[in-house]
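Novice: Below are the structure tokens for one structure; questions will follow.
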Amino acid sequence: MSKLELGQVPGDETYQEAVGDNYFPIVTMEVGRYIELLKTCFPEADKYDCHFLPKDIESDSGKYREVTLDYNDLKDESFNFSIFIRENLPLKWDDNKPRYINGWVAPDIGTGHLCGQVTEEELEGRE
């Protein structure tokens, strides 16, 4: 499984700074709320072996928490759906419209081909 870090709140919302004694209780609620929003926005995620999970991350300035997307990078449909999610994340708390992949075409991500069109060498390099 591979991971994408999705942040702790929708992109245009204010997030809890990683300071003070109240940080983890507040951010735990925010991250849980964001996971529920993501599950509403991407109801097909489980079908594509994509899962939204909280993750504590260590950095130079201390530990913080955010949402990660776990996906199976050995399956093209899971990899493609992870890119679909990344490209269609909600920006606001009230942006809860479901998003479906049908008909969506992945952008060229610099590999010279569209997502899902993977060479044998690239497939062997995935862990």
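Novice: How far apart, in nanometres, would the label points at residue 55 and residue 75 be if each is projected 7 angstrom from Cα along the Cα-to-Cβ direction?
Specialist: Placing both labels 7 Å beyond Cα along the Cβ direction yields 1.9 nm.
Novice: Pull out the extension gain between residue 46 and residue 23, defined as 0.36 nm times the separation in residues minus the alpha carbon to alpha carbon distance; nm, one decimal.
Specialist: Details: separation 23, 0.36 × 23 = 8.28 nm, distance 2.99 nm.
This chain segment gains 5.3 nm when fully extended.
Novice: Let me ask another. Within 10 Å of each residue's Cβ, count the other Cβ atoms and sort 85, 57 from fewest upward.
Specialist: Values: 85 23, 57 12.
With the sparsest Cβ surroundings first, the list reads 57, 85.
Novice: Now for a different question. If amide hydrogens are placed 1.01 Å from N in the peptide plane, which non-local residues have theirs closer than 5 Å to the one on residue 7?
Specialist: Residues meeting the criterion, in which the H sits 1.01 Å from N, are 67.
Novice: I've got another one for you. Give, as a single signed number, the net charge of other residues whose beta carbon lies under 13 Å from the beta carbon of residue 90, with Lys and Arg counted +1 and Asp and Glu -1.
Specialist: Around residue 90, the surrounding residues sum to 0.
Novice: Quick one: 99, 33, fewest Cβ neighbours within 10 Å first, how do they rank?
Specialist: Taking fewest neighbouring Cβ atoms as first place, the list is 33, 99.
Novice: Hey, fewest Cβ within 10 Å first, where do 44, 87 land in order?
Specialist: So the ranking, lowest neighbour count to highest, is 87, 44.
Novice: Would you mind checking the pairs 3/75; 39/75; 55/75 and listing those with alpha carbons more than 18 angstrom apart?
Specialist: Table pairs above 18 Å Cα-Cα are 39/75; 55/75.
Each value in this text was obtained by applying a stated rule to the coordinates, not by laboratory testing. Keep in mind that what you see is a predicted model, and the values were worked out from it rather than measured. Heads up, the Cβs are rebuilt from the backbone with ideal geometry, glycines too, and the neighbour counts pull from every protein chain shown.
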